[in-house]
Amino acid sequence: MFELTQAGDCSYYVNAPAKIGVYCSRDNQVYLIDSGNDKDAGRKLLRILEQRGWRLAGIVNTHSNADHIGGNHFIQQKTGCKIFAEGIEGHFTESPILEPAFLYGGFPAGELRHKFLMAQPSSVSPFSDPDFPSGLKVIPLPGHFFQMYGFRTPDDTVFLADCLSSAATLEKYHVSFIYDVAAYLETLDAVERMEGRLFVPSHAEATDDIGPLVDLNRKKVRQIADLICTFCQTPASSEAVLKHVFDSYGLTMNFEQHVLVGSTVRSYLSWLHNCGELEAEFADNTLRWKRS
């Protein structure tokens, strides 16, 4: 873990729970693409840069999930570097309480206010800042989170953030976190059409052929949608649908899984409702979903 792998002439990635990109722009000046999940990750990253004789110019965040921005605070405190994040992702990065609050849908219980869902705050600058690395091409990848972005380096390495889960992850957990299912499917289509020398998803192996993994993730979305629609042949509450998803895939409920999978299931319900696949009805002061 935390081994540095060269991906191209000016691109590297660090193997971590969420892969961290390294873009060498010029004169041993580098930018990190994300920063890992906590201060220990930040400390290890700075050690890698020091060993290579690289000077950190900044951090470019793909999105604001805690496992991607968890090292921001430590690194910024140690180096004073700029951190670049865009739009609502920037707001979440500066006010990390927003992530568990959003997932829970209210003030989050103490069990949700930990480093895996709530990073330490860091100050950010938008991608329009003049110090943003000009060699990086910004790629919108919405769906997994509000305004997620990927980046293409000049050597044609494409960092894809969290728009794809590995085959092993899908087989074990089945339900990957998705905020906007319609946007996510459009992102999968866009990634499938992309050309690149090497693709680096944050939670899957780097590859020069991203198509099979895109197809696998798309099929899993359709499978979950079919599971929900079939269950809603009989009107069911959101909690009943969530329990059915957990039971069907052999998942274990706890606070963290309740908000992560629960938020995703509610996103599926909204998407299926917007597509006309499900109807919403209110009875006995309960919201129920039923197949159209």
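Values computed for the structure shown
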quantity	calculated
One residue from Glu277, Glu281 being surrounded by 13 or more Cβ atoms within 10 Å (Cβ to Cβ) and at pLDDT 95 or above	Glu277
Every residue from the range 84-112 that is under 26 Å from Tyr23 (Cβ atoms) and not in a loop (DSSP other than H, G, I, E, B)	Phe84, Gly87, Ile88, Glu89, Gly90, His91, Phe92, Thr93, Glu94, Glu99
Strands (runs of 3 or more DSSP E) completely within the range 1-60 that count 1 or more residues being within 21 Å of Asp129 (Cβ to Cβ) and open to solvent by 40 Å² or more (accessible area, probe 1.4 Å)	20-26, 55-60
Residues of the range 239-268 satisfying the condition of being surrounded by fewer than 17 Cβ atoms within 10 Å (Cβ to Cβ), over 24 Å from Gly110 (Cβ atoms) and in contact (Cβ under 8 Å) with a residue 12 or more places away in the chain	Ser248, Tyr249
Some residue of the range 71-83 being open to solvent by 20 Å² or more (accessible area, probe 1.4 Å), outside any loop (DSSP other than H, G, I, E, B) and within 15 Å of Leu136 (Cβ to Cβ)	yes
First in the range 96-122 and polar (S, T, N, Q), second anywhere and open to solvent by 50 Å² or more (accessible area, probe 1.4 Å), Cβ under 6 Å, 6 or more apart	Gln120/His73; Ser122/His73
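One line per residue, one yes/no per condition, for (1) on the phi < 0 side of the Ramachandran plot; (2) open to solvent by 60 Å² or more (accessible area, probe 1.4 Å):
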| residue | (1), (2) |
| --- | --- |
| Gly87 | no, no |
| His91 | yes, yes |
| Pro96 | yes, no |
| Glu99 | yes, no |
| Ala109 | yes, no |
| Phe116 | yes, yes |
| Ala119 | yes, no |
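The values are calculated or read from the model by the stated rules, or taken from the named source; none is laboratory data. Small disclaimer: the values here were computed from a predicted structure and weren't measured. Note that each Cβ is placed from the backbone with ideal geometry, even for glycine, and that neighbours are counted across all protein chains shown. Surface areas here come from the heavy atoms of the whole protein model, side chains and all, with no ligands, DNA or RNA. Shrake-Rupley method; radii C 1.70, N 1.55, O 1.52, S 1.80 Å.
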